[in-house]
Each structure stands twice: as C-alpha cells, then as structure tokens.
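The values are calculated or read from the model by the stated rules, or taken from the named source; none is laboratory data. Everything numeric in this text was worked out from a predicted model, so none of it was measured. Cβ coordinates were reconstructed from backbone atoms using ideal geometry, including for glycine residues, and neighbour counts include every protein chain displayed.
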C-alpha cells in the first residue's frame with residue numbers, strides 16, 4: 001500500500017485523522033448546512049452558503065434538476081478519489097456521467113400530472129487507475145453504492161418540512 005501523505009490531490013494523513021476522530025465521536029461527522037436561494041429574476045437564483053455563491057437557472061447556468069445530477073456525479077468523484085487515496089491508488093482519470101428522466105407537467109401546474117421529480121437516475125463511474133487490483137475496484141464500487149451521501153439521499157425518501165411565509 002502506498003504510504004504517501006498526498007495522493008490524488010488529497011492529504012491522506014489528514015483524512016485518516018478525521019476518519020479516526022469520527023470513529024471515536026460520531027458527532028464530529030455531523031453536518032447541518034443552511035443554504036439560501038434568492039430570486040435574481042426570471043428562472044435564475046443566487047444560492048449562498050456562507051461566503052460561497054453559485055447561480056442556478058436562467059440561460060447561462062445549470063438548472064436545479066441538472067444540479068441534482070451534478071451533485072450526485074461530483075459526490076461520487078470525491079468519494080472514489082478519497083477511497084482510492086486511502087488505498088494508496090493513484091488515479092490517472094476519473095469521471096462520473098449521470099443521466100435521469102423527469103417530466104415537468106406537474107411543475108407547470110397541469111392537473112393529473114405525475115410528480116415532477118426524477119423517476120429514474122443512472123450513472124456510470126469511469127476510472128483509470130492502472131495500479132488498482134480487481135478487489136480494490138470492487139471496493140470502490142461498493143462505496144459508491146453504499147457510502148455516497150448524495151446517492152444515499154436520492155435512494156431513499158427524505159422527510160421534507162415546508163414553512164411558507166408571505167409578507168405583504
């Protein structure tokens with residue numbers, strides 16, 4: 001196993017230390033992000049998280065549904081790169097292609113339409129890691145299937161609570 005401190009652009013020693021802390025105290029791994037989306041105009045929003053800003057919608061940016069696929073793909077890129085680094089496997093190339101199907105009739109307010117969310121999503125991980133063994137590749141695939149936070153979120157029902165405040 002490769003014992004380099006930095007593999008695939010990640011500080012493996014730092015990641016291992018954090019993983020050990022999370023093993024000792026589960027609350028260290030808790031996350032509770034709060035993002036705020038502001039209407040910019042038309043179908044465009046400015047999404048803020050602390051001092052980070054991203055734009056969604058409009059003609060020049062990803063729309064929200066595209067970003068659902070994008071977050072799945074990016075999450076699994078991160079997950080595979082991290083676990084490959086834990087295993088000491090240098091990656092030459094890594095990509096995740098995601099596709100899905102949804103119908104916008106309900107979004108448009110048409111009566112009797114099915115839900116407007118994705119009804120299916122498929123994704124493909126492509127990795128070039130010449131030093132990886134078949135067992136290591138199987139390990140990386142297994143982690144995509146069971147450890148991806150976005151994949152896990154999409155694979156199960158998540159309770160949503162809506163508060164709608166209107167001011168006049």
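Got a sec? Which strands (runs of 3 or more DSSP E) wholly within segment 1-114 have at least 3 residues that are touching a helix residue (DSSP H, G or I) at 6+ places or on another chain (Cβ under 8 Å) and modelled with pLDDT of 95 or more? Walk me through it before giving the result.
On the way: elements: 36-41, 44-49, 52-56, 93-101.
In segment 1-114, the matching strands (runs of 3 or more DSSP E) lie at 93-101.
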Conditions (1) part of a loop (DSSP other than H, G, I, E, B); (2) over 18 Å from residue 85 (Cβ atoms): number failed by residue 150: (1)
Residue list for segment 27-46, filter: over 16 Å from the mean Cα position of the chain (by Cα), closer than 18 Å to residue 71 by Cβ and surrounded by 10 or more Cβ atoms within 10 Å (Cβ to Cβ): 37, 45, 46
Test: residue 81 is within 22 Å of residue 11 (Cβ to Cβ), touching a residue at least 40 places away in the same chain (Cβ under 8 Å) and surrounded by 11 or more Cβ atoms within 10 Å (Cβ to Cβ): yes
